Every structure is written in structure tokens, then in C-alpha cells.
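The values are calculated or read from the model by the stated rules, or taken from the named source; none is laboratory data. Treat the numbers as computed from the prediction; the structure is a model and nothing was measured. All Cβ positions, glycine included, derive from the backbone under ideal geometry; neighbour counts span all protein chains shown.
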Amino acid sequence: MWKVREDEPQYAFLKDPQNKAVNYYEAPIDLIARSGGVAPAEREMFINDEPGVGANPNRNKQHAFHFTADNCIGCHACEAACSEKNDNPPHISFRSVGYVEGGTYPDFTRMNISMACNHCDDPVCLKGCPTRAYTKHAEYGAVLQDPETCFGCGYCTWVCPYNAPQLDPVKGQVSKCNMCVDRLEVGLKPACVSACLGNALNFGVVENTPDNREQTKLAIPGFPDPEITHPNIRFQQKKKLPDTVTRTDGMPVKYHRQDDGSYRPAVDQKKGKAKHWNLTRLSSRENPLVAFTLLTQTSLGAFFIMFFGGLLKIPGIMAVRESLLYVPLMAICAGCCALGLFMSTIHLGKPLRAYRGFNNLRHSPVCREGLGIFLYLVFVGLHMLSVLPENALFTQLTGLTVSFGMLPDLLSTLAIPAGAGGLYYMYRCYRIPARPFWNHWQTATHFVGNAIVLGALLVMATALAAAFIAPVNVQGLVPVIAALLVVGLIVEGLGLWRHAQDMNKLANEGAASHYIQCTTFGKSYVLRNVLIVSNLAVAAALFVVADISVMSLSLLAFLTFSVGCSALIGRALFYVLVVPTTMPGAFFWKNKDFEQHARDIGLAHFPQVGVVPDAH
């Protein structure tokens with residue numbers, strides 16, 4: 001248990017003489033009642049590995065922070081107290097202070113915002129985490145995370161709108177605010193609250209209005225939509241702010257006052273409208289995911305084309321299925337998928353814990369994606385082995401003639417729902433309300449379009465290789481592949497077009513992402529779009545030619561190179577562009593622009609600056 005000092009000041013103790021029955025969202029504040037009496041009332045939490053139950057009378061009620069923005073002076077004492085208590089390194093802070101500001105001299109206003117984990121009623125971090133490292137406790141309503149269970153995928157940092165989970169690239173794991181439950185057990189407020197110099201932070205049972213406070217608002221300027229997670233934090237902010245306030249960090253987002261007095265995000269064109277290439281900045285810590293998604297989609301596309309082409313008895317597809325290179329094609333499909341899964345493992349902070357990625361199949365789309373892709377790989381691999389004895393070259397070399405009957409068809413049939421499920425949950429992984437740029441149906445057209453186009457090119461390349469090695473009639477395959485290319489490119493192109501239109505209509509972080517796409521990466525974005533249009537024209541020309549000739553081979557060679565470039569650029573843009581609904585940062589702290597500047601000039605070499613390599 002936490003040791004209470006003899007001279008502990010009175011302001012450090014919790015004070016909740018009366019409590020309400022339900023919170024703003026009509027959920028019971030008594031967490032035993034909310035669980036239907038399932039959770040035991042006097043359960044030991046084993047805080048700091050010590051048994052025992054504290055004497056807090058409100059132990060099983062949902063607690064919450066209360067932040068009075070008018071009082072915060074931006075001293076960062078809350079950050080320091082939190083980091084000292086949790087022994088955090090300089091680059092990790094469970095609580096951070098950011099700013100929004102507006103107006104003109106001399107009437108210039110800044111509002112400081114201190115934010116940590118809000119221990120939400122609907123914690124998206126808990127549902128998204130594939131390893132089940134998160135738990136929503138009936139004690140205080142604390143959402144606690146176990147860093148030793150985490151394998152460092154960082155998905156919780158994607159889905160959380162409040163910067164609460166902190167991915168440490170040095171340790172390769174996530175950690176976060178634990179509500180100082182050890183202090184709560186003995187009746188003390190969290191360390192950050194006790195350290196607050198301006199009396200801006202308070203803490204207690206949710207919906208209780210602290211002493212000398214009048215408001216328990218759900219949001220203030222810069223705070224993301226509380227409907228995403230139902231966060232347990234309340235605000236007071238009575239001082240008038242300008243109609244428009246901006247962030248001091250590098251995010252191109254500002255906030256406009258609405259008629260109802262609330263503030264909504266809008267694009268802040270602080271970086272101008274000039275278009276740039278910035279090709280080197282397309283490389284990010286998500287590069288392994290770029291490889292994973294492209295490789296697995298290529299594999300899925302090729303296998304689906306061969307499977308359904310065989311069902312429909314398409315002559316060109318049947319020629320490949322009956323050729324010597326059908327088994328190598330299946331091996332390539334399995335190899336691409338295996339390499340993709342390997343790259344997704346490399347993305348983890350702790351790759352050796354990848355086996356924990358199936359622990360939360362009930363909720364996490366990451367788990368379901370991984371399981372679907374893994375089962376697809378297993379069935380494709382077994383299908384390849386089952387058709388191997390029927391391969392003429394294998395029979396010639398070994399002298400064996402073996403037939404497994406219907407087994408190859410059964411295995412290939414099982415691979416279809418597994419692969420389709422994996423691709424679907426790959427898409428669901430990115431339908432994240434906290435990342436509006438991804439949270440659009442275009443993500444599905446992007447993935448499906450790439451799968452069709454890349455898979456068709458892989459099948460065509462294999463067919464041409466088969467034609468050079470052995471007499472195979474692939475004449476009828478050219479129009480089929482060309483038609484698939486046209487369909488895939490139209491699917492992707494229409495999705496991108498509608499996505500750009502919808503992002504332009506929005507006034508949120510998705511629109512800010514599109515602004516970055518059109519400026520910081522404007523020339524790369526235009527190049528990708530030009531490549532898609534030109535690829536569509538070339539694919540249409542290939543469909544017209546529809547034969548094996550020098551012209552068609554030239555068109556295919558161009559398409560292979562051009563489609564590869566557009567896919568890489570498009571997928572890299574997909575990851576680097578997204579602007580999350582994060583809390584505002586400061587000029588130096590929680591500011592991606594400053595972090596990049598620190599790396600460019602060498603300031604990041606000093607650990608006290610709090611900037612570490614943005615890698616795994």
C-alpha cells in the first residue's frame with residue numbers, strides 16, 4: 001500500500017461526500033451495479049505486487065479527472081510529478097500539457113490543456129489491443145495496461161483520441177497512466193492532481209463538482225469528440241476565447257467557435273499551398289506495414305483469380321492451372337503471404353511475443369486480421385503441397401504418381417473464406433474514428449483494388465514464364481488480365497476520387513490530412529494519380545490488343561513497373577498522411593515538427609530532450 005505521510009496536506013486527500021447514481025451517459029456510477037453484481041466488491045488489486053484492500057468508501061465507483069482550464073498556468077508540475085512517480089524516461093510522459101491560442105496583440109489569449117488517460121466508459125484501447133494488455137477495473141473504473149503483456153504493435157495509440165497510451169520505441173512496449181490507484185486505495189488523489197500549482201486539476205467520483213467549481217462540461221476547445229469513447233473527464237472553462245484558436249504544434253488544425261459555443265476543428269493552412277515532393281519523408285516507422293499489406297494483398301489477389309477463374313473454366317486461367325508453373329505460382333502466393341506476416345512481426349516492438357497476437361479475438365480487428373491471413377497461408381501452403389504430386393515435372397523427377405483426390409479442391413476452398421476474412425479485417429483495422437482520414441470506405445476500395453491489380457500482374461507474369469519454359473496456350477489470358485487490371489484500377493481510382501471530395505467537404509483532421517497530401521506531398525500525390533490514370537489507359541489498350549505480341553509484352557512491362565510505383569507511393573501516403581484527433585501539443589513537447597527538427601540538427605542525440613529514433 002502507498003505510505004501516507006504524517007504531514008500530508010488536506011488538499012491531497014479525496015473528498016466525495018455525496019455521489020450521483022448515473023453519469024452523463026446514463027451509465028451507473030457504481031461499477032458493481034454496472035457489472036450486474038459480477039465484480040466482487042472487496043477484490044484485491046495487488047498493487048505493486050502487494051495484497052490488501054484499501055479503505056476508500058468509493059472504491060467501486062467510477063472516478064474521473066476534473067480540469068479547470070482557466071486556472072492552468074502551464075507550469076508542467078503535473079507532468080513532472082507523474083513522470084517522477086512512474087519513473088518515466090524523458091521521452092515518455094503519461095500526462096502532458098498542450099496549448100491553444102488565438103487573438104491579436106494586445107488581446108491575445110492562450111489556454112493550457114493538461115491531459116492524461118481519461119479511463120473511458122468505452123475504452124477503444126481495450127477493444128483494439130490484440131494481446132489483452134488492457135483491463136477496465138471495477139475498482140475506481142481505472143483502465144490499466146500491463147506493459148509486460150504488450151508486444152508493442154502500437155494499435156492502441158492509433159485508436160485512442162487523447163494521446164494516452166505511450167509507445168516507447170526504446171523498450172518496444174506501451175505504457176500509460178494508471179490513475180495512481182495505489183494512492184486512491186489510501187484516500188489520496190493522483191500525484192499529478194496533488195502537484196498542481198494552479199488548482200487546475202482535481203479528481204473524484206465522476207459527475208461530482210469539485211469545491212469552488214461551477215461546471216462539469218464534457219469538452220473544451222481542442223478536445224476530441226467525447227462520443228468516441230465516453231471519457232471520464234470533466235471541464236470548467238469560463239474565460240472567453242477568440243472565435244478561432246490554433247495549436248502551437250505542427251498539426252494543421254485550428255478550432256472555430258460554433259453557434260452553440262462549442263469549438264469544432266478546421267484546416268489551418270499554416271504551411272502554405274505550395275506543392276512538394278518529399279519522397280524521402282514517405283518512409284516511416286510503418287514501412288513494415290506497407291510491405292505487409294501490399295504483399296498479402298498481392299497473394300490474395302492472385303489466389304482468388306486462379307480459384308474463381310478455375311471455377312468459371314476461363315481458358316487462360318485453366319491453361320495456367322494445368323501448366324508446370326501452377327505449383328510455383330501457389331508457392332509464390334504462399335511466400336508473399338509468409339513474407340508479409342514476417343514484416344508485420346518486424347513492426348512489433350517485441351517480435352518474439354508475436355504469438356500473443358490472437359489473445360483478443362472477441363474484440364480486436366488486429367487479432368481477426370492476423371488469424372484470417374495466417375489460416376489463408378496454411379491452407380494455400382497445404383494446397384500447394386497437395387497438388388505437387390500432380391505436377392508433371394515433379395512426376396518426371398521423382399517417378400511418383402500420387403493423387404489426393406478432392407483434397408486440393410477442399411484446401412483451396414477453405415483458403416477463400418480465410419483470405420476474405422483476413423482482407424476484411426485488414427480493412428476494419430483502419431476504420432478508426434480517431435483517424436478520420438482512414439475512417440472512410442475508400443480504405444476498402446484501396447485494398448481491394450490493389451489486390452486485384454497486383455494479383456492479376458502476378459498471374460500474368462507466371463503465365464508468361466510458363467509460356468517460355470513449356471508450350472502453354474496463354475493467348476486467352478491477356479484479355480482476362482487486362483479486364484481485371486481495368487476493374488481494379490477503376491475501383492481504386494473511384495475510391496480515391498470520392499475520398500478526396502469527401503475530405504474537402506469536411507472540417508476535421510481528415511481534411512487536414514488531405515491538405516498535407518495536396519501540399520507537403522502534393523507532387524508525389526499528383527504523380528500517384530497520374531500513374532493510376534495512365535495505367536488504366538494502358539490496361540485498356542492491352543485489352544484491345546488481346547494477344548501475345550511485342551506490343552502487349554511492352555505494355556505489360558510498363559504496367560508492372562508503373563503499378564508497382566503507384567502502389568508503393570499510395571500505400572506510403574496512406575500511412576504518413578493521417579492526422580489523428582489528438583490533444584494539442586506544446587511548441588517543443590508532443591510536436592512532430594520539433595521532433596523532426598531535433599533529429600535534423602542533432603539535438604535528438606541528447607536524451608534529456610525527449611526525442612528518440614522513430615523506429616522499433
Residue list for region 468-513, filter: acidic (D, E) and closer than 23 Å to G301 by Cβ: E492
Scan region 100-122 for residues that are surrounded by fewer than 17 Cβ atoms within 10 Å (Cβ to Cβ) and closer than 21 Å to A33 by Cα and jot them down. D122
Some residue of region 394-403 being in contact (Cβ under 8 Å) with a residue 24 or more places away in the chain, in contact with a Pro (Cβ under 9 Å, 6 or more places away or on another chain) and hydrophobic (A, V, I, L, M, F, W, C): no
Mind checking which residues of region 418-447 are surrounded by fewer than 20 Cβ atoms within 10 Å (Cβ to Cβ) and β-branched (V, I, T)? none
Got a sec? Which strands (runs of 3 or more DSSP E) wholly within region 123-232 have at least 1 residues that are without any contact (Cβ under 8 Å) to a residue 40 or more places away in the chain and either more than 21 Å from the chain's Cα centre (by Cα) or surrounded by fewer than 24 Cβ atoms within 10 Å (Cβ to Cβ) (or both)? 134-136, 143-145
Meets criteria (farther than 27 Å from Y140 by Cα and surrounded by 15 or more Cβ atoms within 10 Å (Cβ to Cβ)) for H63: no
Here are A500, A507, A557, A540: which of them is assigned to a loop (DSSP other than H, G, I, E, B) and surrounded by fewer than 17 Cβ atoms within 10 Å (Cβ to Cβ)? A507
Out of L407, L382, I need the residue that is more than 18 Å from F292 (Cβ to Cβ), without any contact (Cβ under 8 Å) to a residue 24 or more places away in the chain and either in the same structural domain as M306 (by TED's automatic domain parsing) or not acidic (D, E) (or both). Which one? L407
Wholly within region 266-364, helices (runs of 4 or more DSSP H) carrying at least 1 residues that are at pLDDT 95 or above and of a type outside the set (S, T, N, Q): 287-311, 326-346
Flagged in region 337-354 as among the β-branched types (V, I, T) and surrounded by fewer than 18 Cβ atoms within 10 Å (Cβ to Cβ), in numbering order, are I346
Taking only region 587-605 into account, find how many residues are modelled with pLDDT under 90 and assigned to a loop (DSSP other than H, G, I, E, B). 4
